[in-house]
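Undergrad: A single structure is presented below for examination.
The values are calculated or read from the model by the stated rules, or taken from the named source; none is laboratory data. This is a predicted model, so every value here is computed, not measured. Cβ coordinates were reconstructed from backbone atoms using ideal geometry, including for glycine residues, and neighbour counts include every protein chain displayed.
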Amino acid sequence: MSEEKVTTDIITLTRHVLDEQRRHKEASGDLTLLLNAVQLGCKFVATNVRKARLLNLVGLAGGAVNISGDEQKKLDVISNEIFINALRSSGKVAVMVSEEDDEAIIVEDEMKGKYCVVFDPLDGSSNIDAGVNVGTIFGIYKIKDGSNGTISDVLRPGREMVVAGYCMYGSSANMVISVGNGVDGYTLDNAIGEFILTHPNIKIPTRGKIYSVNEGNAKYWDESCTEYFNSLKFPPEGKNPYSARYIGSMVADVHRTLLYGGIFAYPADKKSKNGKLRMLYECFPMAFLTEQAGGRAITGKERVLDITPQKIHDRCPIFLGSKDDVEDIENIYKKQC
Ligand code: AHM
Ligand code: MG
């Protein structure tokens, strides 16, 4: 009888972060505990996304009533609450910014830690009804020296983040994370409830063959954008056109871009002067991961991670992906300046 080989030395996300902290001689364990809270939130959301249809969690918040007469909450509202509770109770967070809350949440002194977490608890939630992949996006800053945790601790350029990541809820839950030393991907093993390292050291190809943008906005694009996407669709003789892939769920579109290369964009246009995506908790974490994987992320004219947000829900245009692909659009913008 053949014996199945069992891997007994698995690398979990927690183990990997602990190893990183030891390497940097910062073994206070604070970041590990904070990331455990993030993992808990992601596991909770993963299981609820899977059950959403059966549990009737997909309707509008306040719209649906369950059998006991209680109002049912929409999945993104529930996801937001679970993240806020998990992060606050970790005792490691001072400031939280969520896409779901108009104001930043300043944690009370008794529970206050030294990190700030900015997050979109369930990005792409309008896709849930159709069973399309959705995800949580997050970024972590350390509060400034001497600060007790205020909004100015998050109104900082994205390059100052210490951690960025997302969890994609698809056929499995995939966590992709960077602590500033490359990018690693983990898959949730539901049986043991741990994220297991399955995609170590993700590197984005230098050039890809896929472009990902909402072409329905082409009418509103500026000249540079139009010229760039036309160049991908109608290349010179001897070159193949790029393939188009657009899911409309940032986490899924960026995940594919990180693995296969190419370009993902949500540009500024005549209708949306700063694009659609939020700087702090959508563009910054994705730009951070892309750069850490060897790619680039620009607004068209400048590096995304160099911008300083003025308000927590500010938006910015974004082109991210393979180095050479991003350079092409950058050159077109330079030419038309
Ligand atoms: P949301 O935060 O309201 O879910 O919107 C963000 C989503 C992104 O996941 C996605 O990249 C984008 O909106 C798609 O927008 P559009 O439908 O305009 O193409
Ligand atoms: Mg969002």
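Undergrad: Looking for something touching a Cys at 6+ places or on another chain (Cβ under 6 Å), over 18 Å from Gly180 (Cα atoms), assigned to a helix (DSSP H, G or I) and modelled with pLDDT of 90 or more - is there at least one such residue anywhere in region 24-42?
TA: yes
Undergrad: Show the residue pairs that are 6+ apart or on different chains and have beta-carbon atoms under 9 Å apart, the first residue being within region 76-96 and outside the structural domain of Gly149 (by the TED database) and within 16 Å of ligand 2 (Cβ to nearest atom), the second being among the hydroxyl-bearing types (Ser, Thr, Tyr) and part of a helix (DSSP H, G or I).
TA: Note: no pairs meet the criteria.
Undergrad: Looking only at strands (runs of 3 or more DSSP E) that fall completely inside region 52-160, which ones have 2 or more residues that are within 16 Å of ligand 1 (Cβ to nearest atom), in contact with an Asp or Glu (Cβ under 8 Å, 6 or more places away or on another chain) and at pLDDT 95 or above?
TA: Counting at least 2 such residues, we get 112-123, 134-142.
Undergrad: Taking into account only those residues within region 290-337 that are within 16 Å of Trp221 (Cβ to Cβ) and polar (S, T, N, Q), which is surrounded by the most Cβ atoms within 10 Å (Cβ to Cβ)?
TA: Within region 290-337, the match that is surrounded by the most Cβ atoms within 10 Å (Cβ to Cβ) is Thr299.
Undergrad: While we're looking at this one, here's another question. Could you list, in sequence order, all residues of region 126-137 that are within 13 Å of ligand 2 (Cβ to nearest atom) and surrounded by fewer than 22 Cβ atoms within 10 Å (Cβ to Cβ)? Quick ask: steps written out before the conclusion?
TA: Looking only at region 126-137, we keep the residues that are within 13 Å of ligand 2 (Cβ to nearest atom), and these are 126-128, 134-137.
Answer for region 126-137, where residues must be within 13 Å of ligand 2 (Cβ to nearest atom) and surrounded by fewer than 22 Cβ atoms within 10 Å (Cβ to Cβ): Ser126, Asn127, Ile128.
Undergrad: Another question, if that's okay. Might you check whether a residue that is assigned to a loop (DSSP other than H, G, I, E, B), hydrophobic (A, V, I, L, M, F, W, C) and out of contact with any Asp or Glu (no Cβ under 6 Å at 6 or more places or on another chain) occurs anywhere in region 243-254?
TA: Let us first name the residues in region 243-254 that are assigned to a loop (DSSP other than H, G, I, E, B), namely 245-249.
Within this subset, residues satisfying the condition of being hydrophobic (A, V, I, L, M, F, W, C) are 247.
Applying the additional criterion that residues be out of contact with any Asp or Glu (no Cβ under 6 Å at 6 or more places or on another chain) yields none.
Looking for residues that are assigned to a loop (DSSP other than H, G, I, E, B), hydrophobic (A, V, I, L, M, F, W, C) and out of contact with any Asp or Glu (no Cβ under 6 Å at 6 or more places or on another chain), one finds none in region 243-254, hence no.
Undergrad: Going by the conditions given, is Lys276 surrounded by fewer than 21 Cβ atoms within 10 Å (Cβ to Cβ), away from ligand 2 (no atom under 16 Å from the Cβ) and charged (D, E, K, R)?
TA: Criteria not met by Lys276.
Undergrad: Out of Gly182, Gly208, Gly146, report the one residue that is touching a residue at least 24 places away in the same chain (Cβ under 8 Å) and on the phi > 0 side of the Ramachandran plot.
TA: Among Gly182, Gly208, Gly146, only Gly182 is touching a residue at least 24 places away in the same chain (Cβ under 8 Å) and on the phi > 0 side of the Ramachandran plot.
Undergrad: Also, quick follow-up: Are there any pairs, at least 6 apart or on different chains, whose C-beta atoms fall under 6 Å, with the first in region 8-24 and in the same structural domain as Gln39 (by the TED database) and the second assigned to a helix (DSSP H, G or I), and if so, which?
TA: Val17/Thr32; Val17/Leu35; Leu18/Thr32
Undergrad: Could you please find all residues in region 206-244 being buried (at least 17 other Cβ atoms within 10 Å of the Cβ) and touching a helix residue (DSSP H, G or I) at 6+ places or on another chain (Cβ under 7 Å)?
TA: Within region 206-244, Gly208, Ile210, Tyr211, Ser212, Val213, Ser224, Tyr228, Tyr242 meet the criteria.
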